[in-house]
Amino acid sequence: MDLLIKNVQIIDSSHNFYGDVYIENGKIKDIGRALGTIDKIRNNFGKGVEIIDGKGMVLMPAFVDTHAHFRDPGFTYKEDIETGSKAAVRGGYTTVTLMGNTYPTASSKEIIDSIRKKGEEVGLVDVYQCPTITENLDGKTLSHLKEFEGLDYIKAITDDGKGVDNSKVIYEAMEIAKKNNWIIMSHAEDKNFSKVDMRLAENVMTWRDIELAKHTGARLHMAHVSTREAMKYIIEGKNDGANITCEVTPHHIFLDDTISNYRVNPPIRKKEDVDFLIKAINLGYVDCIGTDHAPHSDEDKKNGAPGMIGIELAFSICYTKLVKERGISLSKLSSLMSGKPAEILGLNKGQIQPGYDGDVVLLDLNKHFIVDRRNLKSKSKNTPFEGKELSGDVVLTVKQGKVVYKGEF
Ligand SMILES: [Zn+2]
């Protein structure tokens, strides 16, 4: 069935106006004002049109996550493809890029294909599973990468969860990635320094990866950038013309160590870091928001597992902090959450323009709510945002013209 969303404020990275959006056969067919009375729709587009009145709401392109963990296979007591997908659409996401630290690790085509198949069967979001850079995250073996050559659904490779400590190994991985036009997604944490100083661990590896990307010409994406120094290296690298993109997480721009000491990797940093990350967003050096959605059971959290869930609350956290508190425009937020991540991954998504996929999210910006773990769709409930008041909420998520999440509105 086709879908018409009427009387809504339409915002993407380059538009902000009131009007209607018509989605036909899964793609955005038309945007404009007064796309029609019911008669007109029937005449123009034929029958079988679902009409949604978006009065008082904002419509944005659905969000694209560059960084999530759905824990499937191997740790499905924390999350699985189905619960992860449900959490994603609750958060307004229709595309997720999944990290490879599953069990077994995503180091073979067989595992990647089985995850893709599960994603398709659930059918709520497009799943892009990243292969690991080193086989079984062993930090040295690259021969398994041969298996992924020529596969159009491989966008990025990553050892996320840990960094690749050996500089020669990551250098060779960059050469392979460049040949295949894959992105190297870097979890910058030099294990040699993790016990000494987590700040140094991030900074040293960020600097190294940028230098190697400059040398090899590989596409480098820095995940969850959290320190002022790391962001400075990225800014310098970008100004030097290196092929680098970067993401920040909602938690690293909302929390600082005076508010929260919740265990996450990289850690919650200082207020100066948060301010610098937001300044970098303002100056256009941050490409996207990556949620680093990292579900853990209560027991695993008690035993020190780092990470928090994030995909359901990402919009509300970013809207509250960046737009309401720091005055960043909604178009800029749309670029960070949809336009740019889609562009980085090479997807026909992230804009409300004719010809793009009909993936959109309807938002109620007037809603204020207190985060309550009992309302979260994720299988795990590990979040330091419990009890916090946030503004702005997802009320409807549409993937290729089909409603995949419907809240109250
Ligand atoms: Zn990571």
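Scoring Gly350 on the criteria (1) closer than 18 Å to Val125 by Cβ; (2) outside any loop (DSSP other than H, G, I, E, B); (3) open to solvent by less than 20 Å² (accessible area, probe 1.4 Å) leaves a single failure, condition (2).
Does the stretch 289-297 contain any residue that is part of a strand (DSSP E or B) and either surrounded by fewer than 24 Cβ atoms within 10 Å (Cβ to Cβ) or of a type in the set (A, V, I, L, M) (or both)?
First pass over the stretch 289-297, keeping only residues part of a strand (DSSP E or B): 289, 293.
Now narrow it down to the ones that are either surrounded by fewer than 24 Cβ atoms within 10 Å (Cβ to Cβ) or of a type in the set (A, V, I, L, M) (or both): 289.
Yes, that holds for at least one residue.
Would you check if Asp287 is in contact with a Cys (Cβ under 7 Å, 6 or more places away or on another chain) and modelled with pLDDT of 95 or more? Even if it seems obvious, please write down each step before you answer.
Values: in contact with a Cys (Cβ under 7 Å, 6 or more places away or on another chain): yes; modelled with pLDDT of 95 or more: yes.
So Asp287 fits the description; yes.
A single member of Val96, Val89, Val58 is buried (at least 23 other Cβ atoms within 10 Å of the Cβ), touching a Leu at 6+ places or on another chain (Cβ under 6 Å) and β-branched (Val, Ile, Thr), and it is Val89. Of the residues making up the stretch 157-164, at least one is buried (at least 16 other Cβ atoms within 10 Å of the Cβ), in contact with a Phe, Trp or Tyr (Cβ under 9 Å, 6 or more places away or on another chain) and either at pLDDT 95 or above or under 15 Å from Asn265 (Cβ atoms) (or both). Of the helices (runs of 4 or more DSSP H) lying entirely inside the stretch 154-269, the ones with 3 or more residues being more than 16 Å from the ligand (Cβ to nearest atom), at negative phi and touching a residue at least 24 places away in the same chain (Cβ under 8 Å) are found at 167-180, 198-216, 228-239. Summed over the stretch 68-102, the residues that are in a helix (DSSP H, G or I) and either within 16 Å of the ligand (Cβ to nearest atom) or within 11 Å of the chain's Cα centre (by Cα) (or both) give a count of 1.
Cys318 satisfies every condition listed in (1) assigned to a helix (DSSP H, G or I); (2) farther than 25 Å from His187 by Cβ; (3) of a type outside the set (Val, Ile, Thr) except (2).
The values are calculated or read from the model by the stated rules, or taken from the named source; none is laboratory data. Please read all numbers here as calculations on a predicted model, not as lab measurements. Using ideal geometry, Cβ is built from the backbone for each residue, glycine included, and neighbour counts are taken over all protein chains shown. Each accessible area value is taken on the protein alone, full model and side chains, heavy atoms only, with ligands, DNA and RNA left out. Shrake-Rupley method; radii C 1.70, N 1.55, O 1.52, S 1.80 Å.
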